1. Given the conditions (1) β-branched (V, I, T); (2) open to solvent by 70 Å² or more (accessible area, probe 1.4 Å); (3) in contact with a Leu (Cβ under 6 Å, 6 or more places away or on another chain), and given that I85 satisfies all but one, which numbered condition is not satisfied?
2. Pairs please, first residue from the stretch 65-77 and in contact (Cβ under 8 Å) with a residue 60 or more places away in the chain and closer than 8 Å to L110 by Cα, second anywhere and open to solvent by less than 60 Å² (accessible area, probe 1.4 Å) and of a type outside the set (K, R), Cβ atoms under 6 Å, 6+ apart in sequence or on different chains.
3. Any residue in the stretch 130-158 that's hydroxyl-bearing (S, T, Y): show its pairings with residues that are modelled with pLDDT under 75 at Cβ separation under 6 Å, as long as the two are six or more apart or on different chains.
4. Looking at L64 and the list (1) open to solvent by 40 Å² or more (accessible area, probe 1.4 Å); (2) modelled with pLDDT of 90 or more; (3) touching a helix residue (DSSP H, G or I) at 6+ places or on another chain (Cβ under 8 Å), which single condition is not satisfied?
5. Just give me the residues in the stretch 78-112 being without any contact (Cβ under 8 Å) to a residue 12 or more places away in the chain and under 16 Å from the mean Cα position of the chain (by Cα), in sequence order.
6. Give just the number: which of (1) open to solvent by 10 Å² or more (accessible area, probe 1.4 Å); (2) in a helix (DSSP H, G or I) does H184 not satisfy?
7. Name the residue, out of L42, L72, that is open to solvent by less than 70 Å² (accessible area, probe 1.4 Å), more than 23 Å from L194 (Cα to Cα) and under 15 Å from the mean Cα position of the chain (by Cα).
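The values are calculated or read from the model by the stated rules, or taken from the named source; none is laboratory data. This one's a predicted model, so the numbers in the text were calculated from it and none came from an experiment. Ideal geometry is used to build each Cβ from the backbone, glycine not excepted, and the neighbour counts take in all protein chains shown. Note: areas computed on protein heavy atoms with side chains; ligands, DNA, RNA excluded. Shrake-Rupley method; radii C 1.70, N 1.55, O 1.52, S 1.80 Å.
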Amino acid sequence: MNFILDGFLKAFDLLWSHDLEVYAAIGTTLQVSTASLLMSLLAGIPCGFCLGYFDFAGKRALRLTVDTLLSLPTVFIGLVVYAFISHRGPLGEFGLLFSLPAIIIGQTILALPIVTALTAAAVESLDRRLRPTLAALGAGARQTLLTTIREAHTEILTAAVTAYGRVMTEVGISMMVGGNIKWHTRTITTAIALETGKGEFASGIALGLVLLLIALGANFSLFFLKRRWQD
């Protein structure tokens, strides 16, 4: 048990001393996770709205597909993205392999079904009188979208936090298409895997603590925002 205690003590020392390698991994993680979340929100919220608001042929099959994609293995996403952006793939000419954009693409694919499915569920759970009321008031497509999202803002924010936690803690995509390159594409999760494999428990614990603090910060922010909006 002593090595665990020593690991925690060394972890706090690494964080307090602003270890460059540790903070480089933290910065990379925040960068790619935030970018992928924003991209998934821009695409997922409108898609989720359409899926939850409108009735159309094949809606059930599409909803089932989106719900199934919630459990996509990250290594499978990494494999698919790798196949497309590798030198032999259709996008190989862009040189995306082992770069931050490659990780962002993969994480966006991971987060998109989460945002879409939870947004659709939020829209479906709204008061059924909202749609005819908006129609009676002559609301256009843009007004209908914005009003519906405003009514379901708490649930959509929960979807955003859920997606953020998912992309921040994944390791398969970052490892396969990012390459875990020091000072460049190494994220918190890939650094934890690497340092633990090398027996460097202090660095692994330090990064794990940071990951935990970020997750707690996101959830506390969600909690206080919900309290504020309810009041």
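1. Of the numbered conditions (1) β-branched (V, I, T); (2) open to solvent by 70 Å² or more (accessible area, probe 1.4 Å); (3) in contact with a Leu (Cβ under 6 Å, 6 or more places away or on another chain), the odd one out for I85 is (2).
2. Every condition considered, the pairs that remain are T74/E170; T74/G172; T74/I173; I77/G106; I77/L110; I77/I173.
3. Here the result reads T144/L134; T154/K226, each pair linking the stretch 130-158 to a residue that is modelled with pLDDT under 75.
4. All conditions are met except number (3).
5. Of everything in the stretch 78-112, just one residue is without any contact (Cβ under 8 Å) to a residue 12 or more places away in the chain and under 16 Å from the mean Cα position of the chain (by Cα), namely P101.
6. Of (1) open to solvent by 10 Å² or more (accessible area, probe 1.4 Å); (2) in a helix (DSSP H, G or I), only one is false for H184: (2).
7. L72
The rows are residues; the columns are (1) at pLDDT 80 or above; (2) assigned to a helix (DSSP H, G or I); (3) over 20 Å from the mean Cα position of the chain (by Cα).
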{"residue": "A191", "(1), (2), (3)": "yes, yes, no"}
{"residue": "L194", "(1), (2), (3)": "yes, yes, yes"}
{"residue": "A215", "(1), (2), (3)": "yes, yes, no"}
{"residue": "F220", "(1), (2), (3)": "yes, yes, no"}
{"residue": "L225", "(1), (2), (3)": "no, yes, no"}
